[in-house]
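Inspection log for the structure reproduced underneath, given as structure tokens.
The values are calculated or read from the model by the stated rules, or taken from the named source; none is laboratory data. Just so you know, these numbers come straight off a predicted model, no measurement behind them. Cβ: placed from backbone, ideal geometry, glycine included. Neighbour counts: every protein chain shown. Just so you know, the surface numbers come from the protein's heavy atoms only, side chains and all, with ligands and any DNA or RNA stripped out. Shrake-Rupley method; radii C 1.70, N 1.55, O 1.52, S 1.80 Å.
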Amino acid sequence: MDTGNLSAPPRAGARIPGKNHPSRERCPRPGGVVHDNTRHTTRFTVIGNHLAQHPELSALAIGLGVHIQSLPAGAPVDIKTLTARFPEGAARIAAALRQLEAHGYLRRTRERAPGGRIVTRTVSCNQPGHPGARADRRPPREATADAPGPPARRPAPEPRAPRRKLPPVPRPALRSPALLRAAVDLLAGLRRADPRLLLSTTDTEHLAPGVAAWLERDLTPTAVRDALTARLPREPLHRPAALLAHRLAEELPPPPPSRAPAPPPAVRHPLRNCEGCDRGYRGPDPTRCRVCRPEHHEGAASPRDPGSRPG
């Protein structure tokens, strides 16, 4: 017992300033806050200063974030429930929730419940940016006799091949609505001549100007129908609209020969009564007939003087 412990320090060391508790330090600024803290042992929640002292969140958003993180799992945090809990209105609470969602403290997604109802799932994150913050922490639900497992996902449908464009068709010189209507009716009736020529609405709209260009060249609808349905192949038609577009472009007849303009119709004057002889006549003069007009008497008189006598 007379030998001392050489490893023991001769006296107790001084406390390191960095390990002093903040509540025991002297307030650096007169009038600042002084903490009177007591260690919690039950019913407490650890909140990060990044939320409690967030420089961009509003006081309401910070308060709602702290409140939501203190709730147990499964507690309702919808706008209606929070409006009934706090004195703020629904509009302010909705804006605060959007702030928390924008800064990563909340994630809200719409999911379909097992009964088919659409519900909003809210995930509270106490440390945004953490590697596991975006992970779905719900344990996988196992299938039992009472609670079946999640429905199997349907395989994604295979992407459809892009629709091939139809060949171009001629255009009429004058776009007449009546001519286009007649062209659409002609195309819609082609399936009566051959059931394989059943066209969709899109194909009909593409082919109608080409048929109108044929009708514009003095062809009857029957002649156009016969030209489109003649000499069809016997094998199945996989693209009947492409075949018709090719025929409309390649077999387009020439324009009709130019014709001399028709003479204007003769003017038919109304029937009138002559003021001189009271007979009915048709003529340009509205008062007298041809016999009673003065120029008729001058032309009918003899070149000689009517009062002179032959010598």
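Some points to look at:
- FRET E, pair residue 222, residue 113, Förster distance 45 Å, beta-carbon r, rounded to 0.05: 0.10
- Spin-label pair residue 176/residue 202, simplified geometry with 7 Å Cα→Cβ offset, distance in nm: 3.1 nm
- Nitroxide proxy distance, nm - points 7 Å out along Cα→Cβ at residue 231 and residue 295: 6.4 nm
- For the pair residue 277 and residue 46, label points projected 7 Å from Cα toward Cβ lie 13.1 nm apart.
- Residue-span extension gain [residue 59 to residue 124] - 0.36 nm each, minus C-alpha spacing: 21.6 nm
- Using the Cα coordinates of the range 165-259, the gyration tensor eigenvalues translate into equivalent-ellipsoid semi-axes of 21, 14, 12 Å, sorted from longest to shortest.
- To the nearest 10, the accessible area of residue 201 is 100 Å² with a 1.4 Å probe.
- Take the Cα of residue 67, go 7 Å toward its beta carbon, and the backbone nitrogen atoms of the range 87-121 under 14 Å from that spot belong to 87-98, 100.
- Estimated at 0.36 nm per residue, the fully extended path between residue 188 and residue 91 surpasses their Cα-Cα distance by 29.3 nm.
- Longest to shortest principal axis, alpha-carbon extents of the range 28-109, angstrom: 44, 30, 25
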